[in-house]
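Here the structure is laid out as structure tokens; the discussion comes afterwards.
The values are calculated or read from the model by the stated rules, or taken from the named source; none is laboratory data. Please read these numbers as outputs of a predicted model, since none were measured by experiment. Cβ atoms come from the backbone with ideal geometry, glycine included; neighbour counts cover every protein chain shown. Accessible surface is based on the protein model in full, side chains and every heavy atom, while ligands, DNA and RNA are left aside. Shrake-Rupley method; radii C 1.70, N 1.55, O 1.52, S 1.80 Å.
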Amino acid sequence: MAELWWIYSKPVPEDGRELWTLFLQCSCITVVIGGLFYNWMFASLEYSWHLSVAMAISFSLLLLLTLFLVHPARCVFSMIMPTLGTKQGRKLLFSTCIMIAVVNITPNIISNIKTILQVIKCICKNSSDSLLNSTALLETVSWEFGDAIQETIHSIYKPMNGHFRFSLLQNSSLIYQKMHLAGEKISREFLSVEVLVKDSVRVANRLAAGFFMLYLCFESTWYLKNYLTDLRFDNFYITKKLERLAADRRAAHLLVGSSKKLIRPTGLRLSWEEVALCLVRAMLVTVALMLMLVLVAMDHFAFSVADTAVRKAAQFSAVPVTLNIRYKVSAGLVPFVYKIFRRPPEELLLGDFNKTYHHHLVFSSARCRISSPTAPNPSVLLVVGLLFCTLYGTVLLEALARRLCRRIAASFFPSREQSRALHLYGRLARSHSKE
């Protein structure tokens with residue numbers, strides 16, 4: 001492995017064997033990166049498969065030529081991997097989390113809200129239908145009661161018409177039509193909102209992902225540029241070259257006395273500045289996690305409400321309505337005559353109407369088209385949880401990733417690393433002489 005890395009980090013291969021070894025290394029790297037690039041474009045950014053294949057092949061060929069021919073490009077590309085463990089990699093992971101939430105969680109919430117609206121629409125339609133049917137019952141009652149009145153009363157006192165007329169039944173089709181149009185309008189509005197949210201977030205995520213990838217390359221290039229041009233940049237590590245230089249000049253005490261200011265690139269100890277930055281970054285990741293948990297809680301809440309609404313609507317019992325009409329007609333002599341003879345008044349029963357009518361108010365029906373509630377996908381929650389665990393891991397490993405970037409740059413440019421070690425040794429010597 002050390003020999004392969006030495007061939008990979010050399011500016012120019014020395015012989016044909018090293019040349020072919022370098023070409024095979026670059027080919028293997030481009031095949032793996034091309035496959036990951038295709039999966040990222042097709043699965044995460046939701047591009048079409050033929051565009052993803054074309055872009056992956058073009059990107060792989062360009063990457064192969066660049067890695068094989070340009071030595072600094074190999075260094076920049078090698079530093080991109082640990083740079084994924086820094087804030088730029090976190091931005092890409094945040095972008096992936098947002099895309100997963102928009103593609104999977106948000107449509108699920110909208111689908112459950114549509115189910116709740118379907119339940120409300122079904123209840124409104126059936127209750128209005130049952131109410132209109134009750135007007136038909138009232139019309140039947142009025143006609144039967146009117147007939148009883150006209151049959152009982154003498155023709156001299158008979159009213160012209162003892163019937164009631166209800167006009168609501170004539171507008172029932174209009175009511176159904178308006179309810180149907182209202183339901184269709186709500187469905188279209190929800191569909192348009194869902195499509196707009198999906199398209200907007202998809203475009204925004206593609207732009208953000210492209211920008212983050214370009215900025216990731218820029219971050220690695222910027223680090224390499226500062227490493228090559230600024231001797232003070234990221235130069236506070238006790239490297240082997242610095243230890244060897246101090247031992248040759250019999251000044252090992254400089255490294256011991258400055259152990260609080262310098263750290264070893266292979267160690268796990270973090271400086272106070274690195275610890276403070278880790279805490280700030282962890283707080284930012286926690287805020288993003290809270291927002292994602294709110295979205296997940298909304299998904300579960302919408303499913304719970306939709307599931308309860310569907311089950312309760314199916315359990316609605318019909319409300320019985322009983323209408324009892326009793327009409328009694330009798331005739332008798334003048335009351336004071338009975339008072340004179342001290343006899344109780346007698347009545348002549350002319351008619352007796354006593355009838356009971358039954359009706360049921362129905363709020364739900366099996367004919368209603370209600371889509372079943374969509375439960376939250378546990379695999380989506382698992383993926384989001386793993387991504388956030390990775391985000392917290394990048395917070396803790398960001399300082400180590402920066403050290404790895406420095407070691408990669410040092411292996412590609414050993415002469416520059418020697419100059420940086422001399423510069424750091426001179427700073428330590430001057431500081432010690434002042435003290």
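Okay, here's what the table says:
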quantity: Index of the failed condition, Asn205 passing every other in (1) surrounded by fewer than 14 Cβ atoms within 10 Å (Cβ to Cβ); (2) modelled with pLDDT under 75; calculated: (1)
quantity: Test set (1) in the same structural domain as Trp143 (by the TED database); (2) out of contact with any Phe, Trp or Tyr (no Cβ under 9 Å at 6 or more places or on another chain); (3) open to solvent by 30 Å² or more (accessible area, probe 1.4 Å); (4) at pLDDT 80 or above - Phe413 fails condition number; calculated: (2)
quantity: Which numbered condition Ala399 fails, given (1) touching an Asp or Glu at 6+ places or on another chain (Cβ under 6 Å); (2) over 30 Å from Ala101 (Cβ atoms); calculated: (2)
quantity: Residue among Leu93, Leu137, Leu117 that alone is at pLDDT below 75 and assigned to a helix (DSSP H, G or I); calculated: Leu137
quantity: Any hit, the range 33-55, residues being of a type in the set (A, V, I, L, M, F, W, C) and over 30 Å from Asp199 (Cα atoms); calculated: no
quantity: Selection from the range 7-18 of residues that are free of Cβ contacts under 8 Å to residues at least 40 places away in the same chain and either in a helix (DSSP H, G or I) or loosely packed, with under 11 Cβ neighbours inside 10 Å (or both); calculated: Ile7, Glu14, Asp15, Gly16, Arg17, Glu18
quantity: Residue ID - least open to solvent (accessible area, probe 1.4 Å), chosen from residues in the range 237-283 that are at pLDDT below 70 and small (Gly, Ala, Ser); calculated: Ala251
quantity: Only listed residue being within 16 Å of the chain's Cα centre (by Cα), part of a helix (DSSP H, G or I) and farther than 15 Å from Leu381 by Cβ, chosen from Val287, Val280; calculated: Val287
quantity: Residue within the range 112-127 that is within 17 Å of the chain's Cα centre (by Cα) and crowded, with 19+ Cβ neighbours inside 10 Å present; calculated: yes
quantity: Filtered residues of the range 39-89 (kept if within 29 Å of the chain's Cα centre (by Cα) and outside any helix (DSSP H, G or I)); calculated: Leu45, Glu46, Tyr47, Ser48, Leu84, Gly85, Thr86
quantity: Within the range 227-236, tally of residues that are under 18 Å from Arg74 (Cα atoms) and open to solvent by 20 Å² or more (accessible area, probe 1.4 Å); calculated: 1
quantity: Residue tally, condition modelled with pLDDT of 80 or more, of a type in the set (Lys, Arg) and within 14 Å of Ile238 (Cβ to Cβ), over the range 416-435; calculated: 1
quantity: Lone unmet requirement of (1) modelled with pLDDT of 90 or more; (2) in a loop (DSSP other than H, G, I, E, B) for Ser27; calculated: (2)
quantity: Qualifying residue in the range 94-103 (condition: surrounded by 19 or more Cβ atoms within 10 Å (Cβ to Cβ) and not assigned by the TED database to the domain that holds Phe211); calculated: no
quantity: Total residues in the range 37-79, condition β-branched (Val, Ile, Thr), in contact (Cβ under 8 Å) with a residue 12 or more places away in the chain and open to solvent by 60 Å² or more (accessible area, probe 1.4 Å); calculated: 1
quantity: Residue in the range 293-305 that is at pLDDT 70 or above, out of contact with any helix residue (DSSP H, G or I) (no Cβ under 9 Å at 6 or more places or on another chain) and outside the structural domain of Val102 (by the TED database) present; calculated: no
